[in-house]
Amino acid sequence: MSDLLILGGTGRTGIHVLKEAAERGHRVRALVRNPDAVQAPAGVELIQGTPSAIDDIRRAAAGTRAVISALNNSRASDNPWAKPVSPPMFMTDATRNTLTVMQEEGIHRIVVTSTMGAGDDWARINPVFRALIKISNLKAGFDDHHGVDRLLRASDVDWTLARAVALSDKPMSGALHAAEAGTDKPGARINRGDLARFLLGTLEKDTWIRKAPLVWNARG
């Protein structure tokens, strides 16, 4: 059992992370904009604030031992091609703040949700799709994921970047796979519940440290 700080706990993946962490017996603190609007699992402590403000992260991180970030950029709709509405480089700035506070608090472990194609995985994306990303609303999200990737790799913390394939809201399948890019052909999708299981599992077992595995389900 650990004291965990969870960022992005009100998002579509983050709510699964909160639930999974609480069910596994962790003491959980989540930084959220509006605690009154969150139906958090029993035992989850909600701290009002935003990861864009470093002092809010300082209040939320005090006394914790590890961080899970399920932050993502908000869009005008659920359509992945929709216009982004988050501030530019929101995740990158939040990660920079988080790493600063981790150093201040002596926190060494962070697990972060990422995406297939981020960082050094970009070169493995189909060239046609890469060109499409560059001229679409997807570019802002990928630029932000690239920024997070660079910050973590330049840090001295024990990080894991969980590069999810396309996310699904289907029920948890139990068929969860993870592999370093280029070593296995990933499935097309991962459901959010299984991604949450992976994030908690790699934190608990100290696996995939300073690595960025692709994560997928055999069945989306």
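Readers should treat all values here as calculations from the given coordinates under stated rules, not as data from a laboratory. Computed from a predicted structure; not experimentally measured. Every residue, glycine among them, receives a Cβ derived from its backbone with ideal geometry; neighbour counts consider all protein chains shown.
For the modelled label position 7 Å from the Cα of R12 along Cα-to-Cβ, which residues of region 99-128 have backbone nitrogen atoms closer than 17 Å? Residues 113-116 qualify, since their backbone N sits under 17 Å from the label point.
Shape class of region 131-220 from the alpha-carbon gyration tensor: oblate, with a/c at 1.5 or above and b/c at least as large as a/b.
For the chain, the longest principal axis of the alpha carbon atoms and the long axis of helix 138-154 meet at an angle near 60°.
Determine the distance separating the Cα centre of region 1-27 from the Cα centre of region 142-220; give it in Å without decimals. For region 1-27 versus region 142-220, the Cα centre distance is 16 Å. For the cross-link pairs K83/K134; K185/K211; K134/K170; K19/K170, the ones whose C-alpha atoms lie over 24 Å apart are K134/K170. When the Cα gyration tensor is reduced to axis lengths a ≥ b ≥ c, the ratio a/c is 1.5 or higher for region 168-208, and with a/b not above b/c it is classed as oblate.
Rounded if a/c is under 1.5, else prolate if a/b is larger than b/c, else oblate: which is the chain, with a ≥ b ≥ c the root eigenvalues of its Cα gyration tensor? Taking the square roots of the gyration eigenvalues as a ≥ b ≥ c, the chain is rounded. Based on DSSP, what percent of beta bridges with both residues in region 74-220 are antiparallel, to the nearest 5? Antiparallel: roughly 30 percent of the beta bridges in region 74-220. Between T183, T113, T202, the GNM of the chain built on Cα springs shorter than 10 angstrom shows T183 fluctuating the most.
Tilt of helix 14-23 relative to the longest C-alpha principal axis of the chain, in degrees (0 to 90, nearest 10)? In the chain, helix 14-23 runs at an angle near 50 degrees to the longest axis. Taking amide H positions as modeled 1.01 Å from N, with prolines and chain starts lacking one, the residues under 5 Å from R189 and 5 or more places away or on another chain are N217, G220.
Near the amide H of L46, within less than 5 Å, lie the amide hydrogens of A30, all on another chain or at least 5 residues away, with H placed in the peptide plane.
Note on D36 and D169: the model spin-label points, each 7 Å out from Cα along the C-beta direction, lie 2.6 nm apart.
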